[in-house]
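Participant: To start, I am sharing the structure in question, which I have written as structure tokens.
Each reported figure results from applying straightforward, stated rules to the coordinates on display, with no laboratory input. Owing to the predicted nature of the structure, the values given are computational and were not obtained by experimental measurement. Counting neighbours? That spans all protein chains shown, and the Cβs are built from the backbone with ideal geometry, glycine included.
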Amino acid sequence: MAESNRACVWVGPRQVEVQQRPIEPVGENDVLVKVISTGICGSDCHNWESASVSKQLVLGHESSGIIEKVGPAVKDRTVGQRVAVEPGFACMTCEFCVRGNPNICANLKYCGLDPTDGTLSQYVTVKSSMTVPIPENVSWEEAGSIQPLAIAVQLGRRASLNAHQTMAIFGCGPLGLLILAVAKAYGVRKVIVFDIEQSRVDFAVKYGADTGVVPPQKGQGIESLAFAQDYANQIVKQHDIGSGFDIAVEASGAEICSQMAICMLKNGGTCIQAGLGKPLTSVPLFLLTAKELSIKGIVRYTPGCFADAIDLLSRKKVDLKPLITSTYPLTRCSEAFEAQHARKEIKIVIMNQE
């Protein structure tokens, strides 16, 4: 058993400390994972900035590592096995879980989400069912980003991606780029990306987008819907999209992007709202009816998404390496959060044993 378990712990708004934390005992159906890598995402930064966390919380939830110990009832995991950790604790008994949607479990607990401690530590004890094997040809840096890739896989399921489609993606942050990668892996015919930062658009084009666009800013006194509709008409005509996109993904959280996404869809198209915006957002509901559009939310992942994400990595259908722009040792986790918050990096992965 390990004697040291350093962890990245929230102690106040924009303040984390490296603390020693006890290792939870390994129960009948548990495994002890020596955590090797953990990605930082937007929700981690939200917790890092928060003033409302109820305790000194261990952060992190995008982790992978090596099994160090297995409980006596565990038959399908072995010591030394490389695994990704699924960070959600679904009850598996509520109406949503029994219908196959543990991502919206009524009693869900989630690593790194107050009050449940996260995985940004050297060791973590979890149910064996929360681990998914990783092959040797997936690097530890990539393994620290499997969880957000699984979310992109879930979005692909919600959107029913297939080869003939066209897609618009609003927002070229880590999630938008992962959605782009999954869309291309699934054979989507044309993907056009939008972002207000030219550098992010340029990166997305290098990463596989067919076209990248920095949309104009809406001028004062211009009505939002009219602006969105005019711009949508311009994009569809300029980029030869026919009557509109099959799928539009809003991954920025900006209200104007939700409006543009809906305006750019063809009749019968689908809008996936992935970005977390304001609690109340204005969208053109009459277009949903007139064009018989579908609008869907997406949160976390469902059974099999982790395995599908790992398969995409293993078969080199998705390459996460270009997205991982920096790695930090656990001992410098405070610097890592500052860098991610400053938007200096696309994706930061922390190496938990360093």
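Participant: What FRET efficiency comes out for the pair SER43/VAL79, r = Cβ-Cβ distance, R0 = 30 Å, nearest 0.05?
Facilitator: Values: r = 31 Å, r/R0 = 1.05.
For R0 = 30 Å, the calculated efficiency reads 0.45.
Participant: Once phi is turned into θ = phi - 60°, what whole-Hz ³J(HN,Hα) does the Karplus curve with 6.51, -1.76 and 1.60 give for every residue of the stretch 92-105, x standing for Gly and Pro?
Facilitator: 6, 10, 6, 4, 7, 5, 5, 8, x, 10, x, 5, 10, 3
Participant: OK, next. Compute the separation of the alpha-carbon centres of the stretch 16-43 and the stretch 150-184 and state it in Å as a whole number.
Facilitator: 30
Participant: For the stretch 194-233 and the stretch 73-121, what is the separation of their Cα centres, given in Å?
Facilitator: 37
Participant: Obtain the nm distance between the two label points defined at SER224 and ASP210 by a simple spin-label model: each point lies 7 Å from its Cα along the Cα-to-C-beta direction.
Facilitator: Label-label distance for SER224 and ASP210, simple model: 2.9 nm.
Participant: In the stretch 83-130, which trypsin sites (Lys or Arg not before Pro) fall in coil by DSSP and have 15 or fewer other Cβ atoms within 10 Å?
Facilitator: On the way: sites: ARG99, LYS109, LYS127; in loops: ARG99.
In loop regions of the stretch 83-130 (DSSP not H, G, I, E or B), the sparsely surrounded trypsin sites (Lys or Arg not before Pro) are ARG99.
Participant: Using the count of nearby Cβ atoms within 10 Å as a rough guide to exposure, how do TYR328, TYR110, TYR123 rank from fewest to most? Intermediate results must be reported in sequence, preceding the final value.
Facilitator: Details: TYR328 20, TYR110 16, TYR123 24.
Lowest to highest Cβ neighbour count: TYR110, TYR328, TYR123.
Participant: Still on this structure: Once you measure Cβ to Cβ distances between cysteines in the chain, which Cys have no partner under 4.7 Å?
Facilitator: CYS41, CYS45, CYS91, CYS94, CYS97, CYS105, CYS111, CYS172, CYS257, CYS263, CYS271, CYS305 - these cysteines have no disulfide-compatible partner (Cβ-Cβ under 4.7 Å) in the chain.
Participant: Excluding LYS190 itself, what net charge comes from residues whose Cβ is under 11 Å from its Cβ, given Lys and Arg +1 and Asp and Glu -1? Numbers along the way, then the final one.
Facilitator: Details: positive: LYS184, ARG189; negative: ASP210, ASP240, ASP246.
Around LYS190, the surrounding residues sum to -1.
Participant: Follow-up. Please give me, ordered by residue number, the trypsin sites (Lys or Arg not before Pro) of the stretch 259-345 that lie in loop per DSSP and have at most 14 other Cβ atoms within 10 Å. Could you put the intermediate results ahead of the total?
Facilitator: On the way: sites: LYS266, LYS291, LYS296, ARG300, ARG315, LYS316, LYS317, ARG332, ARG343, LYS344; in loops: LYS291, ARG300, ARG315, LYS316, LYS317, ARG343, LYS344.
Loop-located and lightly packed - ARG315, LYS316, LYS317, ARG343, LYS344.
Participant: Exceeding 22 Å between C-alpha atoms, which entries from my cross-link table qualify? They are LYS109/LYS344; LYS109/LYS278; LYS237/LYS266; LYS55/LYS347; LYS206/LYS344. Walk me through the numbers on the way to the answer.
Facilitator: Numbers: LYS109/LYS344 31 Å; LYS109/LYS278 24 Å; LYS237/LYS266 12 Å; LYS55/LYS347 27 Å; LYS206/LYS344 18 Å.
Pairs exceeding the cut-off: LYS109/LYS344; LYS109/LYS278; LYS55/LYS347.
Participant: In nm, to one decimal, how far is the modelled label at LYS278 from the one at SER314, with both set 7 Å along Cα→Cβ?
Facilitator: It works out to 4.6 nm between the two label points.
Participant: Taking H placed 1.01 Å from N in the peptide plane, check which residues at least 5 places from ILE295 or on another chain put their amide H under 5 Å from its amide H.
Facilitator: CYS271
Participant: OK, next. Quick one: grab the alpha carbon gyration tensor of the stretch 1-113, order the square roots of its eigenvalues as a ≥ b ≥ c, and give me rounded if a/c is under 1.5, else prolate or oblate depending on whether a/b is larger than b/c.
Facilitator: Working: a/c = 2.04, a/b = 1.13, b/c = 1.80.
Judged from the Cα gyration tensor, the stretch 1-113 comes out oblate (a/c at least 1.5, b/c at or above a/b).
Participant: Hey, another quick one. At 0.36 nm per residue, minus the direct Cα-Cα distance, what do LYS237 and THR125 gain on full extension? Give it in nm, one decimal, please. Don't jump to the answer; show the numbers that get you there.
Facilitator: Numbers: separation 112, 0.36 × 112 = 40.32 nm, distance 5.40 nm.
Extending this stretch completely gives an extra 34.9 nm.
Participant: Across 5 Å bins from the origin, how do the percents of Cα pairs in the stretch 287-345 run, short distances first?
Facilitator: 4, 12, 12, 11, 14, 19, 13, 8, 4, 2, 1, 0
Participant: Can you tell me what the convex hull of the Cα atoms of the stretch 149-297 projects to on average, as an area in nm²? Can you show the working numbers first?
Facilitator: Working: hull surface 32.6 nm².
For the stretch 149-297, averaging the hull's shadow over all directions gives 8.1 nm².
Participant: What is the gain in length, in nm to one decimal, between GLN56 and GLU28 on full extension, counting 0.36 nm per residue of separation less the C-alpha to C-alpha distance?
Facilitator: Fully extending the segment from GLN56 to GLU28 adds 7.3 nm.
Participant: Another question, then. Read phi for every residue in the stretch 19-36 and hand back ³J(HN,Hα) as whole Hz from Karplus 6.51 cos²θ - 1.76 cosθ + 1.60, θ = phi - 60°, with x for Gly and Pro.
Facilitator: Each residue's phi maps through the Karplus curve to give 10, 7, 10, x, 8, 5, x, 8, x, 3, 10, 9, 10, 9, 10, 7, 7, 9 Hz.
Participant: Right, another one. Where in the stretch 37-57 is the amide nitrogen less than 16 Å from a point lying 7 Å along the Cα-to-Cβ axis of ARG332?
Facilitator: 38, 40, by backbone N distance to the label point.
Participant: Could you compute the net charge surrounding ILE241? Neighbours are other residues with a C-beta less than 12 Å from the C-beta of ILE241; K and R count +1, D and E count -1. Please report the intermediate quantities before stating the final value.
Facilitator: Working: positive: ARG189, LYS190, LYS237, LYS266; negative: ASP210, ASP240, ASP246.
Surrounding charge for ILE241 is +1.
Participant: Please list, by residue number, every one of the GluC sites (Glu not before Pro) in the stretch 141-212 that is coil in DSSP and has at most 14 other beta-carbon atoms within 10 Å.
Facilitator: On the way: sites: GLU141, GLU142, GLU197; in loops: GLU197.
Passing sites in the stretch 141-212 are GLU197.
Participant: Take GLN20 and SER199, extend 7 Å from each Cα along the Cα→Cβ direction, and tell me the distance between the two endpoints in nm.
Facilitator: 4.1
Participant: Taking the Cβ of ALA150 as the center, what net charge do the other residues with Cβ under 12 Å away carry, scoring Lys and Arg +1 and Asp and Glu -1? Before the final figure, lay out each step's value.
Facilitator: On the way: positive: ARG157, ARG300; negative: GLU62, GLU86, ASP308, ASP311.
Net local charge, ALA150 excluded: -2.
Participant: Convert 20 °C to kelvin, take the viscosity as 1.002 mPa s, use the Kirkwood radius over C-alpha pairs of the chain as Rh, and evaluate the Stokes-Einstein diffusion coefficient in µm²/s, rounded to a whole number.
Facilitator: Working: Rh = 21.1 Å.
For these conditions, the coefficient is 102 µm²/s.
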